[in-house]
Amino acid sequence: MLLLRLALASLNNRRFTALLTVLAIALSVCLLLTVERVRNEARASFASTISGTDLVVGARSGSVNLLLYSVFRIGNATNNIRWESFEHYARHPRVSWAIPLSLGDSHRGYRVLGTSTAYFEHYRYGRRQALQLAEGRPFAADPFEVVLGAEVAQALDYRLGDSLVLAHGVARISLLKHDDKPFRVVGILARTGTPVDRTLHVSLAGMQALHLDWRNGMPAQGSARLSADQAREADLAPRQITAFLLGLDSRIATFAVQREINAYPGEPLLAVLPGVALQELWSLMGTAEQALFVISLFVVLIGLVGMLTAILASLNERRREMAILRSVGARPWHIAALLVAEALVLALAGMLGGLALLCLGIAAAQGPLQAHYGLYLPLAWPGAHEWRLLAAVLVAAVLMSAVPAWRAYRQSLADGLSIRL
Amino acid sequence: MTTPLLDIDDLHFAWPGQPELLHIAQLRLDAGERVFLEGPSGSGKTTLLGLIGGVQTASRGHVRLLGADLAALRAGARDRLRVDHTGFIFQQFNLLPFLSVEANVLLPCQFSALRRQRACQRHGSERAAAGRLLEHLGLSPALLPRRAGALSIGQQQRVAAARALIGQPELVIADEPTSALDADRRDGFLRLLFDECRAAGASLLLVSHDRSLARHFDRRLALPELNRAHPATER
Ligand SMILES: Nc1ncnc2c1ncn2[C@@H]1O[C@H](COP(=O)(O)OP(=O)(O)OP(=O)(O)O)[C@@H](O)[C@H]1O
Ligand SMILES: [Mg+2]
């Protein structure tokens, strides 16, 4: 207790250096915890993006690419697939449900997904959770109805009944807007923590209606242009989609159906098991993620070395302090313990500072992170794993403080009472 | 014959890697005695005080404090003996500047139960003892909560004296305590120190270059005369 008080008073006497040391430790600990939290949340949210789907099918490309554009809404399909192919497999005897996915348009940076009502019925995420409507209803017969993901509605402040205009392509600033055919918001989904939140859902008919009068990627001009009402009258049967999801009647059928799709004679198709593709994708990121973790460990080490340097540098000017303490009865181990206590105080303060920074950082970045990366970082008390990391940092600090402690111990024995300044 | 307070017997000491600095055949100090120790710079005065306090140990021979042979004690016991029975005053920078005046005075009581107990016995509480000592040494109680580093040198020396005296150690060891003070304050400081040592029944062993101080003491020792090793000294 006395030693702790002395350590605190002595640190207070050198508070500028002490504060800098604490700051360095705090920043490094904050970095470590942030990396850890992002890593864990990313992995968790990643794994929970899709569940209950047995096969993802798209044009033949890489399985990771297929997963990225169909499930994560990242990147673009290399090719579309024909509607007939989808219908063929939707009717397949082993298939119990099929969800068509048609991508390519966007609204203010958010992707638009053309799909069928099967999506609301059969799509599962997390622990086989179904999508829930927070408000309104799924899109119905009218092609110009849209159901918003939770985040789209929140970020862009849309309510039921609002109307919005989709843009052609997925660039954030799109020059080509489908502004002659506005959509009406009929439903808003509950938050899922998956890319669904960042998606606008329209019917395939709506998707088709938008592009009826387009030729070669350009809107028709003048009289060739169709109005929304004209489009409603037209034949809106889809011709192409981007990908589709399949649920089979039994898991065991998965590989057989996969093989069959991959050998489909109609056009080159690729079917992947989402679990396998997720695994593959994560192992790609896994190395980067581990590297990040190791780097953040080193940063903590650097923070602690900074502390070590600060304490060692102070030793010489504090020989007097040590000699005085010795003269009033302090044993050499008291002197050593004083320095360990000092390191402990610095490390603890640094860790608390790091935690505080983490909380502040999460509070500040939570919204933007969710909006831009779909990564939800909870503002939660550290979990067991994080406590273990913090404990390890503390232990490392104490171990490192053995160096100045030992030096001060030797010094106080060698100096005796005769210290000249 | 009663046991002397301090009894040095055929003491040899050398700093590591250096030639023998001290060889003292015999040196005794009786309870209540005031002894003046002089010697040129580098002659080993401070080293001798460290040996008496058990901060260093002799390579050969005996230093007995209150009958206990320091060399025979374990390091911890030596540290305890030092704080229980001696109080130190140095030339300058005696205090931990970041502690309050009061905390500085109370330091020996933190490390020694005996000193704490004696302080409480006489004054009711250690804090009362600190206040009383400072008052006797001419420091206002208003200074107690002040940061020690903020005091003048003369005030600091008096705080150091209070620290050396709290809990009535048998021996007060002062290493050139007045050399940072001007003549007026030096005499005043010594008078207060003497009074308090007398009141506490403590012996005083004081090192100084200033021979004019010697007349106030019961006995005057010159280290070069005592010392059979002949280290190279200045002057
Ligand atoms: N901690 C130490 N380590 C090694 N050598 C030391 C140490 N302290 C003192 N010495 C050496 O011992 C010799 C005597 O030093 P000491 O401090 O005892 O002299 P002193 O008589 O007190 O001198 P002064 O009057 O200048 O204070 C010197 O040569 C000094 O270099
Ligand atoms: Mg000296």
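The values are calculated or read from the model by the stated rules, or taken from the named source; none is laboratory data. Small disclaimer: the values here were computed from a predicted structure and weren't measured. Because the Cβ atoms are built from the backbone with ideal geometry, glycine has one as well, and the counts that use them run over all protein chains shown. SASA here: full protein model, heavy atoms, side chains in, ligands and nucleic acids out. Shrake-Rupley method; radii C 1.70, N 1.55, O 1.52, S 1.80 Å.
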Quiz item: Wholly within the range A:254-356, which helices (runs of 4 or more DSSP H) include no fewer than the required count, namely at least 3 residues that are crowded, with 17+ Cβ neighbours inside 10 Å and within 14 Å of chain B (Cβ to nearest Cβ)?
Solution: A:319-327
Quiz prompt | Single match in A:Ala7, A:Ala18, A:Ala24 (criterion: crowded, with 21+ Cβ neighbours inside 10 Å and within 14 Å of chain B (Cβ to nearest Cβ)) | solution = A:Ala18
Self-check item: Filtered residues of the range B:1-14 (kept if surrounded by 15 or more Cβ atoms within 10 Å (Cβ to Cβ) and within 14 Å of B:Leu51 (Cα to Cα))
Solution: B:Leu6, B:Asp7, B:Ile8, B:Asp9, B:Leu11, B:His12, B:Phe13, B:Ala14
Self-check item: Flag for B:Ser100 being within 13 Å of chain A (Cβ to nearest Cβ), surrounded by fewer than 24 Cβ atoms within 10 Å (Cβ to Cβ), more than 16 Å from ligand 1 (Cβ to nearest atom) and of a type in the set (Ser, Thr, Tyr)
Solution: yes
Practice problem: Output yes when any residue across the range B:61-83 is within 23 Å of B:Gly154 (Cβ to Cβ), in contact (Cβ under 8 Å) with a residue 24 or more places away in the chain, open to solvent by less than 30 Å² (accessible area, probe 1.4 Å) and within 13 Å of chain A (Cβ to nearest Cβ), and no when none is. | Solution: no
Exercise. Could you please tell me which pairs satisfy a Cβ distance under 6 Å, a separation of 6+ or placement on different chains, a first residue in the range B:171-184 that is of a type in the set (Ser, Thr, Tyr), and a second residue that is open to solvent by 20 Å² or more (accessible area, probe 1.4 Å) and within 16 Å of ligand 1 (Cβ to nearest atom)?
Key: B:Ser179/B:Gln91
Quiz item: What is the number of the single condition among (1) open to solvent by 30 Å² or more (accessible area, probe 1.4 Å); (2) within 16 Å of ligand 2 (Cβ to nearest atom); (3) of a type in the set (A, V, I, L, M) that B:Ile89 does not meet?
Solution: (1)
Quiz prompt | Residue within the range B:43-59 that is of a type in the set (Lys, Arg) and within 12 Å of chain A (Cβ to nearest Cβ) present | solution = yes
Quiz item: Got a sec? Which of B:Glu135, B:Glu126 is charged (D, E, K, R) and in contact (Cβ under 8 Å) with a residue 24 or more places away in the chain?
Solution: B:Glu126
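Counting only residues that are away from ligand 2 (no atom under 16 Å from the Cβ) and within 14 Å of chain A (Cβ to nearest Cβ), give me the strands (runs of 3 or more DSSP E) lying completely in the range B:135-235 with at least 1 of them.
Details: elements: B:171-175, B:203-207, B:219-222.
Qualifying strands (runs of 3 or more DSSP E): B:171-175.
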Quiz item: Between a first residue in the range A:403-418 that is more than 12 Å from chain B (Cβ to nearest Cβ) and of a type in the set (S, T, N, Q) and a second residue that is in a helix (DSSP H, G or I) and open to solvent by 60 Å² or more (accessible area, probe 1.4 Å), which pairs have beta carbons less than 7 Å apart while being 6 or more apart in sequence or on different chains?
Solution: A:Gln411/A:Arg319
Self-check item: All positions within the range B:14-48 that are in contact (Cβ under 8 Å) with a residue 12 or more places away in the chain, out of contact with any Leu (no Cβ under 7 Å at 6 or more places or on another chain) and within 9 Å of ligand 1 (Cβ to nearest atom)
Solution: B:Leu21, B:Pro40, B:Ser41, B:Gly42
Exercise. Mind listing whichever residues of the range A:131-151 are open to solvent by 30 Å² or more (accessible area, probe 1.4 Å) and in a strand (DSSP E or B)?
Key: A:Leu133, A:Ala134, A:Glu135, A:Gly136
Self-check item: the range A:96-122: number of residues that are farther than 15 Å from A:Val146 by Cα, crowded, with 18+ Cβ neighbours inside 10 Å and either acidic (Asp, Glu) or over 27 Å from the mean Cα position of the chain (by Cα) (or both)
Solution: 2
Quiz item: For the range B:20-60, what are the residues that are of a type in the set (D, E, K, R) and open to solvent by 20 Å² or more (accessible area, probe 1.4 Å)?
Solution: B:Glu20, B:Arg28, B:Asp30, B:Glu33, B:Arg34, B:Arg60
Practice problem: Tell me, yes or no, whether the range A:340-356 has at least one residue that is at pLDDT 90 or above and either under 30 Å from A:Gln154 (Cα atoms) or within 16 Å of ligand 2 (Cβ to nearest atom) (or both). | Solution: yes
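Name the one entry in B:Asp210, B:Asp184 that is closer than 30 Å to B:Gly131 by Cβ and of a type in the set (D, E, K, R).
That would be B:Asp184, the only listed residue that is closer than 30 Å to B:Gly131 by Cβ and of a type in the set (D, E, K, R).
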Quiz item: Can you name every residue in the range B:201-212 that is open to solvent by 10 Å² or more (accessible area, probe 1.4 Å), in contact with a strand residue (DSSP E or B) (Cβ under 8 Å, 6 or more places away or on another chain) and more than 16 Å from ligand 1 (Cβ to nearest atom)?
Solution: none
Quiz item: A:Ile50 fails exactly one of the following numbered conditions: (1) among the aliphatic types (A, V, I, L, M); (2) open to solvent by less than 30 Å² (accessible area, probe 1.4 Å); (3) within 19 Å of A:Thr287 (Cβ to Cβ). What is the number of that condition?
Solution: (3)
